[in-house]
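The values are calculated or read from the model by the stated rules, or taken from the named source; none is laboratory data. Bear in mind that the values here come from a model prediction, so they are computed numbers and not experimental data. All Cβ positions, glycine included, derive from the backbone under ideal geometry; neighbour counts span all protein chains shown.
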Amino acid sequence: MADHPDDITTDYSDESFWQKVKQFAQKAGLEVIDKALCLYYAAQRPDTPRWAKTIIFGALAYFIAPIDAIPDLTPVVGFSDDLGALAAALAMVSMYVDDKVKTQAAEKSAAWFD
C-alpha cells in the first residue's frame with residue numbers, strides 16, 4: 001500500500017480500489033476511471049506531499065465506498081457523484097498529475113476500454 005495518511009487508511013486500500021475499478025470500469029465509463037487512475041498514480045509519486053495524498057485518498061475512499069449519495073448500480077447517473085468527487089480532488093492536486101501519471105492512467109484505461 002502507498003504512503004497513506006493515518007486518518008484515512010481504514011477507509012482506503014489499494015486492494016479495494018483495484019477491485020472496484022475492475023468490477024465497475026465499463027459501467028462507470030472512461031471519464032470516471034481515468035480520473036480515478038490519475039489520482040491513484042499521482043498518490044504513488046514520492047514527491048506528492050501528505051496534504052495532497054490526504055485529498056487523493058479521501059476521494060478514492062469515496063469512490064470505493066459501498067454506500068454513496070447516488071448508488072453506483074444506477075445506470076449512467078450512479079457514478080455522477082463519484083465523478084464530481086474525483087474531479088474536485090484532481091483540481092486540488094493537479095500539479096502532481098504530470099505527463100507520466102497521465103500516461104500510466106491512459107495505458108491502464110486502454111486495457112479496459114480498447
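Is it the case that Ile55 is over 16 Å from Gln104 (Cβ atoms) and either modelled with pLDDT under 80 or of a type in the set (Ser, Thr, Tyr) (or both)? In short, no. Test Lys20 against the stated conditions and say whether it is assigned to a helix (DSSP H, G or I) and modelled with pLDDT of 85 or more. Against the criterion (assigned to a helix (DSSP H, G or I) and modelled with pLDDT of 85 or more), Lys20 does not qualify.
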